[in-house]
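A.B. asks: This is the structure I want to talk about, given as structure tokens.
The values are calculated or read from the model by the stated rules, or taken from the named source; none is laboratory data. Bear in mind that the values here come from a model prediction, so they are computed numbers and not experimental data. Cβ coordinates were reconstructed from backbone atoms using ideal geometry, including for glycine residues, and neighbour counts include every protein chain displayed. Accessible surface areas use protein heavy atoms only, side chains included; no ligands, DNA or RNA. Shrake-Rupley method; radii C 1.70, N 1.55, O 1.52, S 1.80 Å.
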Amino acid sequence: GMSNGFEILGYFNIGRGDDFEAGNGRTVGGTEVDYMSGLGKMAYQALSGDRFEISHERYSDDAMRPYRANFTRPPIGQEPLYRPYDIDRQTTVFNYSDATPTGWWDPKVVIAHSKTEVRTPETNRGNGNVSQTFGESETINGKAENKFSFDLGSVVAGFDFNKRHAALEYPGLYPREKSDVVGGYAQARLEPIEGTRVSFGGRADHQWFTGTTDETWEDSGLSGNISGEQDLIGSFLTAKAGYSHVWGGIPLGENFIMNPLWDYGNGPKAVEADNYTAGLVARYNGWTLEGTIFRSEIDNARIPSYGDALRARDIESEGYELGVGYDWGNGFVRVKYANIDVTIDGQPADSDTGTYIATPVGEIITITGVHTFVGTGLTIGADAEIAPEYDYVIAGSPPYKSYKVFNAFVEYKPDL
């Protein structure tokens, strides 16, 4: 509803359903639907253009899932196949903006709070006893920025903060990790001459990290990026390239394997990354042909480990993408091919070590087509994802088998 500058929105959803049935007719355990979600939002926009918004979203799910949510079967015989995961997630966001900005005044303020709670029974692998386990992740973050617009483009500058904590409650164990980060940033997006578009910026951050032992460490880092596009033959051919260095700070550990006896030594290291990309895009009479190469290098990617607080990996991901498409106005068809290799500490990524940090990819072919029949409100479409066998694996490991996924849809929108 809307009235005299006020707006209100409400949304509520309930999902109930049985376990899924696979294509071979077998029931897939731990896939039942049992959730509730809701969203409430209020806004007020004054005659001056000042706009205030606040929203609250809540989601809860209390269903039987595989004991290890990302495994079909648990690796230890003492553990049951399934257990209930009681998940409750809440998010509250406040926004302030100016709906009638001027060239040098276009402010934005965001303050958000989110909390996720997970309750589930835990089976002791030694004696088979079952205890209730509770994990909580909470974040408070915000930013205040202003966009300065002028003839050549715009510059956005501001500062932000985030406070995070991860906690576990298990009989006799109450480990916690905390992180506080403050930072400032600026990003310019300019078109100095017709056909040339550049973007560059940077930020500085400072972090206070507290481990499960209540020891605290501080660290600071700088991030920067630059990218650009250049039209080479009018709008027919465009070249693009970019580079960024990212200081990511120290990520928190995973709640359910945090250990109060962790030895942090001299303290965990911040995650840092360097990213490179370059490509060409050609367009002509509805046709598009594009190619991109890229590489990412990530240092000190922290991975979950109950026995080692400092376990981290170095990751490299590189590859290229090729694409061709045709758009005839009422529809389009696109074909894309990607070839990506990922290594962890110099070895091919595997789906165990890389569960949290880097997924083996290989070759991926995607085909998409959509068409709208003008005057009927009817749209049809289909897509396919094809992954050939991937044999860039650690010596002695079997290759990843090929797979194919196909989808199709029909959509009707009456002209009311």
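A.B. asks: Quick one: length gained pulling Thr27 to Thr91 fully straight, 0.36 nm per residue minus the C-alpha distance?
C.D. replies: 19.6 nm
A.B. asks: Would you work out the relative contact order for the stretch 195-305, in percent, from Cα pairs under 8 angstrom that are 6 or more residues apart?
C.D. replies: Answer for the stretch 195-305 is 23 percent.
A.B. asks: Through the Karplus equation 6.51 cos²θ - 1.76 cosθ + 1.60, θ set to phi - 60°, convert the phi angles of the stretch 315-327 into ³J(HN,Hα) values in whole Hz; use x for Gly and Pro.
C.D. replies: For the stretch 315-327, the Karplus curve yields 10, 10, 10, 8, x, 8, 10, 10, x, 9, x, 9, 10 Hz.
A.B. asks: Follow-up. Enter the accessible area per residue of the stretch 1-45 (Å², integer; probe 1.4 Å; all protein chains in place).
C.D. replies: 75 Å²
A.B. asks: Grab the beta carbon distance between Ile14 and Met42, set R0 = 25 Å, and tell me the FRET efficiency rounded to 0.05.
C.D. replies: According to the calculation, E is roughly 0.65.
A.B. asks: Would you kindly find the accessible area of Arg313, with a 1.4 Å probe and non-protein molecules such as ligands, DNA and RNA excluded, rounding to the nearest 10 Å²?
C.D. replies: 60 Å²
A.B. asks: Averaged per residue, what accessible surface does the stretch 311-381 expose to a 1.4 Å probe, in Å²?
C.D. replies: In whole numbers, the stretch 311-381 has 53 Å² accessible per residue.
A.B. asks: I'd like to check one number: the per residue accessible area of the stretch 142-249, probe 1.4 Å, reported in Å² as a whole number.
C.D. replies: It amounts to 53 Å² per residue over the stretch 142-249.
A.B. asks: Which percent of the accessible area of the stretch 174-225 is formed by carbon and sulfur heavy atoms (probe 1.4 angstrom)?
C.D. replies: In the stretch 174-225, the share of accessible area belonging to carbon and sulfur is 56 percent.
A.B. asks: Report, to the nearest whole %, how much of the accessible area of the stretch 284-402 belongs to carbon and sulfur atoms, 1.4 Å probe, protein only.
C.D. replies: The nonpolar share, carbon plus sulfur, comes to 55 percent.
A.B. asks: Output ³J(HN,Hα) for the stretch 59-66: one whole-Hz value per residue in order, computed from phi by the Karplus curve 6.51 cos²θ - 1.76 cosθ + 1.60 with θ = phi - 60°, and x for Gly and Pro.
C.D. replies: Going residue by residue, I get 9, 9, 9, 9, 10, 6, 10, x Hz, with x marking Gly and Pro.
A.B. asks: Holding the Cα-Cα limit at 22 Å, pick out from Lys147/Lys240; Lys178/Lys269; Lys336/Lys404; Lys115/Lys178; Lys41/Lys163 the pairs that are longer than that.
C.D. replies: Lys147/Lys240; Lys41/Lys163, as the Cα separations exceed 22 Å there.
A.B. asks: Can you tell me the FRET efficiency between Phe161 and Gln230 if r is taken as the Cβ-Cβ distance and R0 is 35 Å, rounded to the nearest 0.05?
C.D. replies: With R0 = 35 Å, the Cβ-Cβ based efficiency is 0.45.
A.B. asks: Remind me, relative contact order of the chain in percent, using alpha carbon pairs under 8 angstrom and six or more residues apart?
C.D. replies: 6 percent
A.B. asks: Pull up all non-local amide H partners of Ala309: gap of 5 or more, or a different chain, and H-to-H distance under 5 Å with H placed in the peptide plane.
C.D. replies: Correct list: Asp263.
A.B. asks: Continuing with the same structure: For the stretch 1-140, what is the largest minus smallest coordinate of the Cα atoms on each principal axis, given in angstrom and ordered from greatest to least?
C.D. replies: Taking the Cα atoms of the stretch 1-140, the three principal extents are 66, 34, 24 Å.
A.B. asks: Under a GNM of the chain (C-alpha, springs under 10 Å), which listed residue has the highest mean-square fluctuation: Gly128, Gly377, Gly195?
C.D. replies: Top of the fluctuation ranking is Gly377.
A.B. asks: Probe radius 1.4 Å, ligands and nucleic acids left out: which of Val130, Val405 has the largest accessible area, and how do the rest follow?
C.D. replies: Val130, Val405
A.B. asks: Looking only at Asn146, Asn70, Asn127, which one moves most when the chain is put into a Gaussian network model with springs between Cα atoms under 10 Å?
C.D. replies: Highest fluctuation of the listed residues: Asn127.
A.B. asks: Tell me the net charge near Asp383. Cut-off is 11 Å between Cβ atoms, Asp383 excluded, with +1 for each Lys or Arg and -1 for each Asp or Glu.
C.D. replies: So the surrounding residues net to +1.
A.B. asks: Using θ = phi - 60° and the Karplus relation 6.51 cos²θ - 1.76 cosθ + 1.60, list the HN-Hα couplings for the stretch 123-137 in order, rounded to whole Hz, with x at every Gly or Pro.
C.D. replies: 9, 5, 5, x, 10, x, 5, 10, 10, 7, 10, 10, x, 9, 10
A.B. asks: So, one more: Would you work out the relative contact order for the stretch 161-250, in percent, from Cα pairs under 8 angstrom that are 6 or more residues apart?
C.D. replies: The value is 22 percent.
A.B. asks: Please work out whether the chain counts as rounded, prolate or oblate from its C-alpha gyration tensor, where a ≥ b ≥ c are the square roots of the eigenvalues and a/c under 1.5 means rounded, while otherwise a/b larger than b/c means prolate and anything else oblate?
C.D. replies: Here the chain falls in the rounded category.
A.B. asks: Further, regarding this structure: How much accessible surface area, in Å² rounded to 10, belongs to the heavy atoms of Ile367 with a 1.4 Å probe?
C.D. replies: 70 Å²
A.B. asks: When the accessible area of the stretch 1-145 is computed with all protein chains present and a 1.4 Å probe, what percentage of it is carbon and sulfur?
C.D. replies: Ligands and nucleic acids excluded, carbon and sulfur reach 55 percent.
A.B. asks: Further question on the same structure: Among Asp263, Asp219, what's the order by accessible area (1.4 angstrom probe), most exposed first?
C.D. replies: The residues order as Asp263, Asp219, largest area first.
A.B. asks: Net charge within 14 Å of Glu194 by Cβ-Cβ distance, Lys/Arg positive one each and Asp/Glu negative one each, not counting Glu194 itself?
C.D. replies: With Lys, Arg at +1 and Asp, Glu at -1, the net is -3.
A.B. asks: Go ahead and set up a Gaussian network model of the chain, Cα springs under 10 Å, then flag whichever of Gly253, Gly49, Gly25 fluctuates most.
C.D. replies: The residue with the greatest mean-square fluctuation here is Gly25.
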